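Student: What follows is a single structure, and I will ask about it in a moment.
The values are calculated or read from the model by the stated rules, or taken from the named source; none is laboratory data. Worth saying up front: this structure is predicted, and the values here are computed from it rather than measured. All Cβ positions, even for glycine, are placed from backbone atoms using ideal geometry, and neighbour counts span all protein chains on display. Each accessible area value is taken on the protein alone, full model and side chains, heavy atoms only, with ligands, DNA and RNA left out. Shrake-Rupley method; radii C 1.70, N 1.55, O 1.52, S 1.80 Å.
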Amino acid sequence: MKNLILLILVIATSACNKKVSSQNKSSSSNYQAVAYEALGITPVAFQENETNEYVLATFQEEGTVPGPQPLKYVVIKIADNSIVKKESIPQGSVKWTSDYQVEIIAPPGMIKNNNETIADYTYLFNVKTGVKVRKTKATY
């Protein structure tokens, strides 16, 4: 249920934030093709960063079996349609937090101890540098 709500929010956000100029229309069809091929499915949502240099493509299948389905995502550099990051996380979310930073929440099925929080499984990924750091260790 939580993942379904997240999926609806991602779709709604993507629809609200869509900024497509006539020049970007050909770029968008190129990165869409790259995302389809990289993920092996048709992504549900595309969300460009504020500078329109990168796009986040996400897909989460509606489950036919009980429990959350994996979230598949890919980050693509639009200029050359290169894949910056591709991953599938069993449960969690991914979103832009700044022009070049993606927040990835990837909790395990079982929490290791009672002292852990969702922040212990939250990572920040810089799409320009390729550096991934745990949010609890990140400095702002």
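Student: Where residues in the range 83-97 are in contact (Cβ under 8 Å) with a residue 40 or more places away in the chain and in a strand (DSSP E or B), which of them is surrounded by the fewest Cβ atoms within 10 Å (Cβ to Cβ)?
Tutor: LYS86
Student: Residue by residue through the range 84-109, note down the ones that are over 22 Å from GLU62 (Cα atoms) and not charged (D, E, K, R).
Tutor: VAL84, TRP96, THR97, SER98, TYR100, GLN101, VAL102
Student: In the range 99-120, what count of residues is obtained for those that are without any contact (Cβ under 8 Å) to a residue 40 or more places away in the chain and out of contact with any strand residue (DSSP E or B) (no Cβ under 6 Å at 6 or more places or on another chain)?
Tutor: Total satisfying the criteria: 14.
Student: Consider LEU124 against the criteria (1) open to solvent by 70 Å² or more (accessible area, probe 1.4 Å); (2) closer than 16 Å to LEU56 by Cα: it satisfies all of them except one. Which criterion is unmet?
Tutor: The one condition LEU124 does not meet is (1).
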